[in-house]
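K.L.:
Pasting a structure below so you can have a look.
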Amino acid sequence: MAAIVLDGNKIGAEIRAEVASEVKAMTAAGIRPGLAVVLVGNNPASEIYVRGKVKSSEEVGIYSEKHTPPDNISTQALLDLVIDLNRRDEIDGILVQLPLPPQVDAKKVLMTVDPAKDVDGFHPVNVGFLSTQRPGLVPCTPAGIMEILKRSNIPIASQEAVVVGRSDIVGKPTAMLLTNANATVTICHSKTRDLPGVCRRGDILIAAIGRAGMITRDFVKPGATIIDVGMNRVTDPAEFARLFTGNPKREESFRTKGFTLVGDVHPEVAEVAGAITPVPGGVGPLTIAMLMANTVRAAKLRRGNPVPELSRV
Ligand code: NDP
């Protein structure tokens with residue numbers, strides 16, 4: 001039987017609607033949440049991401065502003081900008097779009113963002129809050145993964161969860177959130193022995209690797225829930241054929257555009273999994289939705305208002 005498709009567009013829209021009504025109530029009470037996005041230089045991919053973040057802010061009623069310093073900015077000048085945003089009361093969230101140019105000390109910049117305004121959840125203070133289960137700001141993609149699981153009624157407590165990937169942005173915080181939600185968690189990486197065998201233990205399998213279609217059916221426990229975080233652009237026809245032969249819709253779009261977007265999970269996995277997130281339209285839409293939710297959360301936390309557990313607004 002084919003896996004249930006976990007629709008990230010639908011869940012993302014649900015969260016954005018909840019955020020919008022929250023923002024409306026806060027604004028009526030005189031507190032309009034505000035987000036500042038810092039985009040250094042002209043990286044085309046970053047420009048697309050930032051445009052999406054600003055547009056989404058407008059849609060949910062969050063005040064947003066974009067800062068676009070030039071590519072040759074010094075670390076100190078960028079620090080000065082961040083310090084200024086830290087000081088401004090109407091700004092609740094600060095997001096410095098990565099990657100930063102090589103002359104900039106990215107770690108220093110991220111360390112300078114006020115942890116109370118760190119809507120990306122990358123500051124070590126927020127990492128510490130997450131690992132000690134204190135209220136803080138959780139990275140958007142991992143928070144979005146938890147929302148997909150919860151809102152799709154996928155059991156987490158006492159389940160075996162396997163996370164492939166140990167990045168600070170996705171793998172590690174996702175593993176921490178699953179641990180906090182009482183799953184039994186295994187983290188895998190490029191040095192893991194017998195990766196397919198370890199992955200097959202997972203009632204929940206999270207793929208955050210960055211390798212097109214690496215997770216094939218032999219990695220998957222029948223009936224498992226598969227969360228595919230990967231976003232890979234495939235342009236090589238042989239690679240495309242390995243993944244999508246016999247899929248006329250994808251073939252047509254590959255022919256016209258010259259590329260297709262694929263996750264870390266091979267499409268054949270849908271034949272053995274119980275539930276699966278598509279790419280595109282799975283985890284991706286949740287990342288922006290959770291940025292909106294985090295901005296509202298930051299606005300409340302900064303004012304000492306109670307916030308719900310974990311990632312919920
Ligand atoms: P990183 O490159 O930072 O981390 C990749 C991880 O995968 C590393 O831990 C690495 O192991 C592991 N890995 C690489 N190759 C293998 C292998 N052959 N076997 C086992 N493990 C392997 O990537 P990110 O975590 O930043 O992102 C992962 C994917 O998620 C990317 O495709 C990215 O584009 C996508 N992404 C999607 C988002 C969304 O909104 N949908 C948001 C963020 C990311 P090791 O540590 O040993 O090197």
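The values are calculated or read from the model by the stated rules, or taken from the named source; none is laboratory data. Quick caveat, the model's predicted, so the values are computed rather than measured. In this analysis, Cβ positions are derived from the backbone assuming ideal geometry, glycine residues included, and neighbour counts consider all displayed protein chains.
K.L.:
Being charged (D, E, K, R) and either under 21 Å from PRO173 (Cα atoms) or in contact with an Asp or Glu (Cβ under 6 Å, 6 or more places away or on another chain) (or both) narrows it down to one residue among ASP120, ASP105; which is it?
P.N.:
ASP120
K.L.:
Can you find a residue in the stretch 257-279 that is without any contact (Cβ under 8 Å) to a residue 40 or more places away in the chain, over 29 Å from PRO135 (Cβ atoms) and in a helix (DSSP H, G or I)?
P.N.:
yes
K.L.:
What are the pairs with Cβ atoms under 9 angstrom where one residue, in the stretch 225-246, is farther than 14 Å from PRO280 by Cβ and in a loop (DSSP other than H, G, I, E, B) and the other, located anywhere, is within 16 Å of the ligand (Cβ to nearest atom) and modelled with pLDDT of 95 or more? Sequence gap at least six, or different chains.
P.N.:
Short answer, once both residue conditions are applied: THR235/PHE259; THR235/THR260.
K.L.:
Report whether or not ASP194 is touching a helix residue (DSSP H, G or I) at 6+ places or on another chain (Cβ under 7 Å) and free of Cβ contacts under 8 Å to residues at least 24 places away in the same chain.
P.N.:
No, not satisfied.
K.L.:
Within 16 Å of the ligand (Cβ to nearest atom), farther than 19 Å from GLU268 by Cα and charged (D, E, K, R), is that true of LYS150?
P.N.:
Criteria not met by LYS150.
K.L.:
Moving to a separate point now. Return the residue satisfying two criteria in turn: it lies in the stretch 190-214 and is within 9 Å of the ligand (Cβ to nearest atom) and either not in a loop (DSSP other than H, G, I, E, B) or not assigned by TED's automatic domain parsing to the domain that holds ILE169 (or both), and of such residues it is farthest from the chain's Cα centre (by Cα).
P.N.:
Out of the qualifying residues, it is LEU195.
K.L.:
Right, here's the next one. May I ask you to list the residues in the stretch 280-309 that are outside any helix (DSSP H, G or I), surrounded by fewer than 24 Cβ atoms within 10 Å (Cβ to Cβ) and within 16 Å of the ligand (Cβ to nearest atom)?
P.N.:
PRO280, GLY281, listed by residue number.
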